[in-house]
Amino acid sequence: MTDRSIISRIELRQFTFEAANLGVVGDDPASLDRAGGTPGGAVEYAPGQSTTMSRYAIAIETADGCRGEYVTHYVGTQSAFAQTAMLAPMLVGRDAEAREGLYDDMKRELRQYDRMGQGPIDIALWDLAGKKYGASVSRLLGGYRHRLPAYASTYHGDRNGGLDSKEAFADFANYCADIGYRAFKIHGWHEGDAREEAENLLYVRKVVGDGMTLMIDCACELRTFADALYVGRACDDANYFWYEDPFRDAGTSAHAHKLLREKLRTPILQTEHIRGVEPKADFILAGGTDFLRSDPEYDMGITGAMKIAHLAEALGVDCEVHATGPAHRAVVSAMRNTNFYEIALVGPDCPNAIPPVYTCGYSDQLDCIDRDGSVGVPDGPGLGVTYDWDYIRSNTIQLFEYT
């Protein structure tokens, strides 16, 4: 073949940005250090404060002049960055379009690790292919959904005047409904108090009524199986759409969640915390979940996320895509068996802590939806977004180049 695009250079940049009105949980800076500057459970609403976050950018260039790029949204830890840096040298000299082979080789190379560093590389390779052929990644995937129904996915509850009570959660749910959201997901408090969690989800349903789809993600905060069962029964009473990652097995025990499923009516959504198609197949075949979870950043890229979507389709179940980003929108656009796009994480007076790196108007902030509660799928070449590389370079704290 004469049109092969051989990888000639890879650039990795870890950079920082400031997130307004967010503070470290419990005023313990070490908790954010352990999280590697990722937003998840390590930060919460803190009026007037600012927290330094870290993410990283990857650019892949080929000898024939092609370039693929990606900037992470939720993968930002030192561990993930180190894995990406570990993989990058082995790609130089390889065919950038041989994504299946590269996926397989990278997966084996990371067999002793959690594989969180593989996804950004694969996404950048898809961006490169789209730009080479002048097509969006959505089109390359066979995407046919141009508008995606979205749900507002909250920050964890706090004690600082934000989502600090059941009334605050209900008020925020009503606000989200007023601006167009048709669905709302609660992340409860870090303490994992089962009675507080159950009371909160019941109250939110009472206030918003039956017109809004509600979900709850305990983020593995409940301490025991008994706590998970208690909150799950409240989900049944309040007609929640799904019940996600209830308790502190870290979301990995198919056996425990099979037992939980057998005692509840509310569908269970699991597998955010296990990586790749094979363990997710094992989990669902063991009866541990009703929905599968995937994420192109977490699950070894767009290539990996589509394998999981097709696994779910083969078994007749839905697959919900975790978190936000242009790669996530492209994946959802090519899936029949999914229900929502997640706008995560949001709260009153509190931004989604994703890096401000877009010069094209792309946004995953709370107000990114239309009045019908949906978001669009970028249709430009590749991922369909333009990155602010001047901003990324000026905030770089670590740079690796491979040729």
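The values are calculated or read from the model by the stated rules, or taken from the named source; none is laboratory data. Every value quoted in this text rests on a predicted model; they were computed, and no experiment measured them. Positions of Cβ are backbone-derived with ideal geometry, glycine not excepted, and every protein chain shown enters the neighbour counts. Calculation scope for accessible area: heavy atoms of the full protein, side chains included, ligands and nucleic acids excluded. Shrake-Rupley method; radii C 1.70, N 1.55, O 1.52, S 1.80 Å.
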Derived scalar couplings ³J(HN,Hα) [region 364-375; Karplus, 6.51 cos²θ - 1.76 cosθ + 1.60; whole Hz; x for Gly, Pro]: 10, 7, 3, 8, 6, 7, 7, 5, 8, x, 10, 10
Inter-label distance, nm, simple model (7 Å from Cα along the C-beta direction), H146/Y175: 3.3
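Give me the Kirkwood hydrodynamic radius of region 39-178, using the inverse of the mean 1/r over all pairs of distinct Cα atoms, in Å to one decimal.
On the way: mean 1/r = 0.0551 Å⁻¹.
Across region 39-178, the inverse of the average 1/r is 18.2 Å.
Could the peptides 375-387, 67-79, 298-310 be put in order, highest first, of the mean number of other beta-carbon atoms found within 10 Å of their residues?
Working: 375-387: 20.5, 67-79: 23.6, 298-310: 25.4.
Going by the mean number of other Cβ atoms within 10 Å, highest first, we get 298-310, 67-79, 375-387.
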Whole-percent pair-distance distribution, where bins are 5 Å wide, for the alpha carbons of region 182-262: 3, 17, 31, 25, 15, 7, 2, 0
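In Å², and per residue, what accessible area does the chain have when probed at 1.4 Å with the other protein chains present? Provide the component values of the computation, followed by the final result.
Details: 15010 Å² over 403 residues.
The answer is 37 Å² per residue.
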Coarse-grained scattering of region 239-279 at q = 0.14 Å⁻¹, given as base-10 log I(q)/I(0) from a Debye sum over alpha-carbon atoms: -0.31
Phi to ³J(HN,Hα) by Karplus 6.51 cos²θ - 1.76 cosθ + 1.60 over region 103-117, Hz, x for Gly, Pro: 3, 5, 5, 5, 4, 5, 4, 9, 4, 8, 10, 8, 6, 5, x
Simple label model, 7 Å out from Cα along Cβ direction - S165 to A250, nm: 3.7
Estimated FRET transfer efficiency when R0 is 35 angstrom, pair H310-T16 (beta carbons, to 0.05): 0.40
Per residue, the convex hull volume that the Cα atoms of region 62-123 enclose (Å³): 81
5 angstrom amide H check on R94, placed H, neighbours 5+ away: I7
Protein accessible area in the chain, 1.4 Å probe - carbon and sulfur %: 48
Using a Förster distance of 22 Å, the FRET efficiency for S79-E196 (Cβ separation, nearest 0.05): 0.10
Per-selection Kirkwood Rh - the chain (Cα, Å, 1 d.p.): 21.3
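So, by mean Cβ neighbours within 10 angstrom, what's the order for 97-103, 272-278 with the highest one leading?
Ranked from most to least packed, the peptides come out as 272-278, 97-103.
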Extent along principal axes [Cα atoms of region 344-403; Å; largest to smallest]: 47, 31, 16
Principal-axis tilt of helix 166-178 within the chain, Cα atoms, nearest 10 degrees: 60
Under Karplus coefficients 6.51, -1.76 and 1.60, residue-wise ³J(HN,Hα) of region 128-139 in Hz, glycine/proline x: 4, 4, x, 5, 4, 9, x, 10, 6, 4, 4, 5
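Compute for region 99-167: radius of gyration divided by Kirkwood radius, i.e. Rg/Rh, restricted to C-alpha atoms, rounded to two decimals. Numbers along the way, then the final one.
Numbers: Rg = 19.1 Å, Rh = 16.0 Å.
Dividing the radius of gyration by the Kirkwood radius yields 1.20.
Taking the Cα centre of region 136-218 as origin, sum charge times position over the Cβ atoms of Lys and Arg (+1) and Asp and Glu (-1), and report the length of that vector in debye to the nearest 20. Before the final figure, lay out each step's value.
Values: 10 positive and 12 negative charges, 139 e Å.
I would put it at about 660 debye.
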Cross-link table K107/K258; K258/K280; K206/K263, entries beyond 21 Å C-alpha to C-alpha: K107/K258; K206/K263
Extended-chain gain in nm, criterion 0.36 nm per residue less alpha-carbon gap, T396 and D379: 3.2 nm
Inter-part distance where region 161-214 and region 243-298 are each reduced to a Cα centre, Å: 23
For region 198-326: relative contact order, % (alpha-carbon pairs under 8 angstrom, 6 or more apart): 19
